[in-house]
Amino acid sequence: WARPDRVVFAATRADAAAAGFDDALIYQELALSPVERTIPFEQLDLPGAGVPFDGWREAEGRVDY
């Protein structure tokens, strides 16, 4: 959500996968509709879940993205 102007990296997702840090399934799952996913994504209905965002909206000097 930070919307950076630039991202700099050296190793690729393929490099990470070759070392055993394969997150390709997560990327594939996020591209699917919730009913098509093999991994359940569950949103919890927690009281106060939006409080951090309320605080951000009320913060003086914040930078709008």
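The values are calculated or read from the model by the stated rules, or taken from the named source; none is laboratory data. All values reported here derive from a predicted model rather than from experimental measurement. So basically every Cβ, Gly included, is an ideal-geometry build from the backbone, and we count neighbours across all protein chains shown. Keep in mind that these areas ignore ligands, DNA and RNA; they rest on the heavy atoms of the full protein, side chains included. Shrake-Rupley method; radii C 1.70, N 1.55, O 1.52, S 1.80 Å.
Annotations
- Environment charge at A14 (Cβ cut-off 12 Å; Lys +1, Arg +1, Asp -1, Glu -1): -2
- D23-A2 FRET efficiency (beta carbon distance; Förster radius 22 Å; 0.05 resolution): 0.70
- Heavy-atom accessible surface of the chain: percent carbon and sulfur, 1.4 Å: 58
- Alpha-carbon spread of the chain, three principal axes, descending order, Å: 45, 34, 18
- Net dipole in debye of the chain [+1 Lys, Arg Cβ; -1 Asp, Glu Cβ; about Cα centre; nearest 20]: 200
- Computed lengthening from L46 to V63, 0.36 nm per intervening residue step minus Cα-Cα distance: 3.4 nm
- The residues of the chain expose, per residue, 97 Å² of accessible area to a 1.4 Å probe.
- Proximal charge balance of W1 [Cβ under 13 Å; K/R count +1, D/E count -1]: +1
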